[in-house]
Amino acid sequence: MSIAARLLVVSLTLGAAAVALTAAERPDANAPRELLPGFPLSVDEWRGVDAAPLDLDTMRVLGVDDYVLRAYSTQGHEVGLYIGYYRSQRQGDAIHSPMNCLPGAGWVPVEAGRLRLASAGGAEVNRYLIQKGEDRQVALYWYQGRGRTIASEYWSKAFLVWDAARRNRTDGALVRILSPVARGESPADAERRAATFAGQVFPKLATYIPE
């Protein structure tokens, strides 16, 4: 993001924050939704298996209220899905960018960019190639909630403050998909697999991440 664009986001955020402060003490409006552990284990040809639950320390760091963490597989290939939902982001529990967390687990970003998912209505998402030792993965992630799908962390925070003032809502979610680069594959192969899976997951999200 350019310096001018960042300054615009900061200005919008600060201006909206002045209005939102008057509503800061109000509880968020509740939007009806299904709990994420009920997310389908079958997504088209993919079959999912729950990963080990997050430990208490990780839960405290993330501040997440509801989540699903799974591995989905088909025809010898696997992708990882994480969806973390926050009922309210007013009191310090806010969505963490995966790029703040993955390096702590030893994964180093090698390439970064954006990708438009034609199969998800043209939604723009973040695309990273990450590496740990000889292992590589393509990571796709985006911020979703209150009727928006956003790649930019800056715009996500700006709309968060705007919606707090306008709709009395600060709920939202992070959706992350990991696609390992298998032996003999290129990152482009792993990206196509992640993008295909993302397009299949996308229509199912509205039940769990309210608009």
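Considering region 63-108 alone, what residues qualify as being hydrophobic (A, V, I, L, M, F, W, C), over 11 Å from the mean Cα position of the chain (by Cα) and at pLDDT 95 or above?
Scanning region 63-108 gives V68, L69, A71, V79.
Only one of (1) crowded, with 17+ Cβ neighbours inside 10 Å; (2) closer than 26 Å to P53 by Cα; (3) β-branched (V, I, T) fails for V108. Which number is that?
(1)
State which residue is surrounded by the most Cβ atoms within 10 Å (Cβ to Cβ) when the search covers only region 21-57 and only residues that are outside any loop (DSSP other than H, G, I, E, B) and at pLDDT below 95.
If we take residues in region 21-57 being outside any loop (DSSP other than H, G, I, E, B) and at pLDDT below 95, then A23 is surrounded by the most Cβ atoms within 10 Å (Cβ to Cβ).
Sort out which residues of region 95-120 are in contact (Cβ under 8 Å) with a residue 60 or more places away in the chain and farther than 19 Å from L81 by Cβ, and write them in order of number.
Of everything in region 95-120, those that are in contact (Cβ under 8 Å) with a residue 60 or more places away in the chain and farther than 19 Å from L81 by Cβ turn out to be E111, A118.
Being touching a residue at least 12 places away in the same chain (Cβ under 8 Å) and either under 27 Å from D66 (Cβ atoms) or surrounded by fewer than 17 Cβ atoms within 10 Å (Cβ to Cβ) (or both) narrows it down to one of G184, G199, so name that one.
G199
Are any residues in region 148-181 among the acidic types (D, E) and either over 21 Å from the mean Cα position of the chain (by Cα) or surrounded by fewer than 21 Cβ atoms within 10 Å (Cβ to Cβ) (or both), and if so, which ones? Working first, answer last.
Filtering region 148-181 for residues among the acidic types (D, E) gives 153, 163, 171.
The answer is E153, and nothing else.
Within region 94-211, considering only strands (runs of 3 or more DSSP E) that don't extend past its boundaries, which have at least 2 residues that are farther than 25 Å from S73 by Cβ and not β-branched (V, I, T)?
Working: elements: 108-117, 123-132, 135-145, 148-150, 172-180.
By residue number, 108-117, 135-145.
The values are calculated or read from the model by the stated rules, or taken from the named source; none is laboratory data. Bear in mind that the values here come from a model prediction, so they are computed numbers and not experimental data. As a convention, Cβ positions derive from the backbone with ideal geometry for all residues, glycine included, and neighbour counts pool all protein chains shown.
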